[in-house]
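Here the structure is laid out as structure tokens; the discussion comes afterwards.
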Amino acid sequence: MFSPSAYNTVGLGTTQLYNLTLVYNHKRHGVFRLGNRQFDFRMKPRFPKKLTQEFLYVDLLNNLGELAEDRDEVLRQARSKLASFDSTRLRRAADSFASVATRKRLREWASA
């Protein structure tokens, strides 16, 4: 369970604050209002128990189309930030959590 605002900690220049909490789980999906908070339940086959910078980086790239940020600027920053991550941990996060498009993008960036 985390807010997309957590993507701001990755250091890609994202600054938006979101009034939404993402809940990755194995059983439910949909947007639910509980009390005065909105939760977006998403079924995912795999997700980490603890958020890491590598997971947030991969998840940000997975969900780039849903963010209220300049897509091209975030991609430019993401590409330049790629080398700052531990390559083994990033590869593990990508293998476990990345969409096909994100995996392809990361492979292209790594080979360039």
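The values are calculated or read from the model by the stated rules, or taken from the named source; none is laboratory data. In this text the structure is predicted, and so the values were computed from the model without any measurement. A quick note on method: Cβ atoms are made from the backbone with ideal geometry, for glycine too, and the neighbour counts reach across all protein chains shown.
Looking only at the stretch 27-80, which residues are touching a residue at least 60 places away in the same chain (Cβ under 8 Å) and over 21 Å from Phe97 (Cβ atoms)?
Within the stretch 27-80, Glu73 is the sole residue that qualifies.
Which of the residues spanning the stretch 1-28 are among the hydroxyl-bearing types (Ser, Thr, Tyr) and within 22 Å of Lys81 (Cα to Cα)?
Ser3, Ser5, Tyr7, Thr9, Thr14, Thr15, listed by residue number.
One line per residue, one yes/no per condition, for (1) surrounded by 16 or more Cβ atoms within 10 Å (Cβ to Cβ); (2) among the acidic types (Asp, Glu); (3) at pLDDT below 95:
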site: Val58; (1), (2), (3): yes, no, no
site: Leu61; (1), (2), (3): yes, no, no
site: Leu64; (1), (2), (3): yes, no, no
site: Glu73; (1), (2), (3): no, yes, no
site: Ala94; (1), (2), (3): yes, no, no
site: Phe97; (1), (2), (3): yes, no, no
site: Leu106; (1), (2), (3): yes, no, no
site: Trp109; (1), (2), (3): no, no, no
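Quick one: which of Arg42, Arg107, Arg89 is of a type in the set (Lys, Arg), touching a strand residue (DSSP E or B) at 6+ places or on another chain (Cβ under 7 Å), more than 17 Å from Thr14 (Cβ to Cβ) and not in a loop (DSSP other than H, G, I, E, B)?
Of the residues listed, the single one that is of a type in the set (Lys, Arg), touching a strand residue (DSSP E or B) at 6+ places or on another chain (Cβ under 7 Å), more than 17 Å from Thr14 (Cβ to Cβ) and not in a loop (DSSP other than H, G, I, E, B) is Arg42.
Those residues that are of a type in the set (A, V, I, L, M) and under 11 Å from Thr52 (Cβ atoms), I need them from the stretch 86-112; list them, please.
Leu90, Ala93
If I ask for residues that are over 11 Å from the mean Cα position of the chain (by Cα) and under 14 Å from Glu66 (Cα atoms), which ones from the stretch 1-14 would you list?
Thr14
Of the numbered conditions (1) over 13 Å from the mean Cα position of the chain (by Cα); (2) among the aromatic types (Phe, Trp, Tyr); (3) surrounded by 17 or more Cβ atoms within 10 Å (Cβ to Cβ), Phe32 satisfies every one except a single condition; which is it?
Unmet for Phe32, out of (1) over 13 Å from the mean Cα position of the chain (by Cα); (2) among the aromatic types (Phe, Trp, Tyr); (3) surrounded by 17 or more Cβ atoms within 10 Å (Cβ to Cβ): (3).
Quick one: in the stretch 29-39, which of the residues that are assigned to a loop (DSSP other than H, G, I, E, B) and modelled with pLDDT under 95 is nearest to Ala83 (Cα to Cα)?
My answer is Asn36.
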